[in-house]
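Colleague: Below you'll find the structure I mean.
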Amino acid sequence: MRIKKLRFCSFVMIFLGAQTLLAQQNPQIIQRSIDLYPLLKNQLIPSNPADSAIQMINELPHALFRYVSDSLTTAVLHQNNPDRDSFPEEKYRLVLPDMTGMPDTLVLMVGLEDEQGNSVVNTMVIGNMRDRLAYFVDDNNNYDFTDDGPAIVFNRNEKIKKVVVEAEAGKFEYLMYDLALHEDYLKTRGLYLMKRKKQPAKKFPVPLLGNASRLNLMVNFFTGNGDQSFSYVTTTDSLRKEYGAAIDAVFQLNGSVSYAYRHFNIGASLAIEANQIGRAQEYVYGKEGRTINYNIGKWPRTRFLYGLFAEYDLRLYRNLYLTPTYHIFWYQYLQDDAFGGYGNELNQQLTHQDIFLKKSGKRYGGKLKLPLSERTLFFVEISYVQNSFDLHEDLILEEHEERRVDTEYTTLHYGFGCQVLLMNRSQKEKLSRKHPQNGVY
């Protein structure tokens, strides 16, 4: 089988070489075109199903040759297709279109016939645009290309286009495929194309999440809700008293810088937060049940947070990433008001800065990241926040059990943000080349 293929290829090469030599000796002799369809039939599928019934150029009588003179005769079509029905023989003169910048020109004659038996010979002029071909169609079949439409030019992903000819004998259609698909064939006609520059494949979003190291800036906004409280147990009557507040809404603006190695990120963050406090009450639990004292306690509403975090980007699908996150942080309240309390149970002189000590927290969550460009990510985030604090030892004036003082401060956050690539390793290398140290690149 391989020997048969080699013999066939050798025959085609010898045949094309003989044609070229013949054309050089007598340019008026038209060369028989080698049918490209068998080589490309698996690729030449009309994109429009309605065009599947239209004949391809290879199924019609045709002749392709170099342009030598504007005087032509349709007799060449018969020479190239002796086994096909005759078409009217006529001599005519071509009026070429504007082909500025096209050094090489080919002429394609096509024999067309409709269902009523009307037949015409249509002419197409093919110009070399260096890296592709321009197909000038004689739309009205008057051999004058100056009154026709623009040339057909195939885009990179196009292989077939429909040609429509409206002649006096009627309307004719056929499918033309791009001859630039087979550059070796064009070379036998003395037409050479420059190789098209391949557009570099977009590495999006690899430069953002795949480089060995990079520096990122993130800005995100959170909202949410939660609760906070502290409680203690009195020694005299064993009552459990709890001061609590509902956080109806959280508004937090967060900014951070992170260093990433491959998919692992570590960074530092700063944030400012404002809370909308709802009900603030005291609950007293005893043998007779629960008692509620309303509107007790003035809880802090704004705070400043700073901390560290770690993330890992997991690719879910194409450009979609799931990123588990872990944060540790510390915070300071921006208000310094007295807390108050019920009766003489709490110290009325202590302020927020005095009462709440060793303030810190942890945040566990996850992000869903979607790259918008090679340098920008959009993400949504949800997280659970555990805040912790100690109470000043002089806050509770009643006698109470020290070991049974409890504090709780939890919130649920959800929001969105943007991550921007500041610098990756390749950019650092470029900067180091521009600014060498000690004269060494």
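Readers should treat all values here as calculations from the given coordinates under stated rules, not as data from a laboratory. Here the structure is a predicted model, which is why all the values come from computation and not from measurement. All Cβ positions, glycine included, derive from the backbone under ideal geometry; neighbour counts span all protein chains shown.
Colleague: Would you mind checking the radius of gyration and Dmax of the range 211-427 based on alpha-carbon positions, in Å?
Modeller: Computed over the Cα atoms of the range 211-427, radius of gyration and Dmax are 21.0, 71 Å.
Colleague: Could you state the orientation-averaged shadow area of the convex hull built on the Cα atoms of the range 262-372, in nm² to one decimal?
Modeller: Here the figure is 10.9 nm², rounded to one decimal.
Colleague: Amide H to amide H under 5 Å from LYS367: which residues, 5+ apart in sequence or cross-chain, H placed 1.01 Å off N in plane?
Modeller: Amide H neighbours of LYS367, under 5 Å, 5+ apart: THR323, THR325.
Colleague: Further question: Each residue of the range 296-303 in order: what ³J(HN,Hα) in whole Hz does its phi give by Karplus 6.51 cos²θ - 1.76 cosθ + 1.60, θ = phi - 60°, with x for Gly and Pro?
Modeller: Rounded to whole hertz, the list is 10, x, 10, 8, x, 10, 10, 8.
Colleague: Quick one: Karplus J couplings for the range 354-362, per residue in order, coefficients 6.51, -1.76, 1.60, θ = phi - 60°, nearest Hz, x for Gly and Pro?
Modeller: So the J values, rounded to whole Hz, are 7, 6, 9, 10, 6, 7, 8, x, 9.
Colleague: Would you mind pulling out the separation of the Cα centroids of the range 274-295 and the range 350-401, in Å?
Modeller: When both Cα centres are located, 22 Å separates them.
Colleague: Note down the magnitude of the dipole of the range 34-187 about its Cα centre, charges +1 on Lys and Arg C-beta and -1 on Asp and Glu C-beta and zero elsewhere, to the nearest 20 debye.
Modeller: Numbers: 13 positive and 26 negative charges, 122 e Å.
Computed about the Cα centre, the dipole is about 580 debye.
Colleague: Filter LYS287/LYS359; LYS91/LYS195; LYS298/LYS369; LYS241/LYS358; LYS171/LYS195; LYS162/LYS195 down to the pairs with a C-alpha to C-alpha distance above 28 Å, please. Mind showing how you got there, number by number?
Modeller: Working: LYS287/LYS359 34 Å; LYS91/LYS195 37 Å; LYS298/LYS369 39 Å; LYS241/LYS358 22 Å; LYS171/LYS195 37 Å; LYS162/LYS195 25 Å.
Violating the 28 Å limit, Cα to Cα: LYS287/LYS359; LYS91/LYS195; LYS298/LYS369; LYS171/LYS195.
Colleague: Amide H neighbours of TYR67 under 5 Å, counting only residues 5+ apart in sequence or on other chains, H built in-plane at 1.01 Å?
Modeller: Under 5 Å from the amide H of TYR67 lie the amide H atoms of THR105, LEU106, VAL107, each far enough along the sequence or on another chain.
Colleague: Using the Karplus curve 6.51 cos²θ - 1.76 cosθ + 1.60 with θ = phi - 60°, work out ³J(HN,Hα) for each residue of the range 402-417 in order, rounded to whole Hz, and write x for Gly and Pro.
Modeller: Along the range 402-417, the couplings run 4, 6, 10, 8, 10, 10, 8, 7, 10, 9, 10, 10, 8, x, 9, x Hz.
Colleague: Right, here's the next one. Quick one: which residues, 5 or more positions from ASN142 or on another chain, have an amide H under 5 Å from its amide H? H modelled 1.01 Å from N in the peptide plane, none for Pro or chain starts.
Modeller: none
Colleague: While we're on this one: Normalised radius of gyration for the range 34-187, please: alpha carbon Rg relative to 2.2 N^0.38 Å, two decimal places. If you can, show how the numbers build up before the last one.
Modeller: Values: Rg = 14.8 Å, N = 154, 2.2 N^0.38 = 14.9 Å.
Cα Rg divided by the expected 2.2 N^0.38 Å: 1.00.
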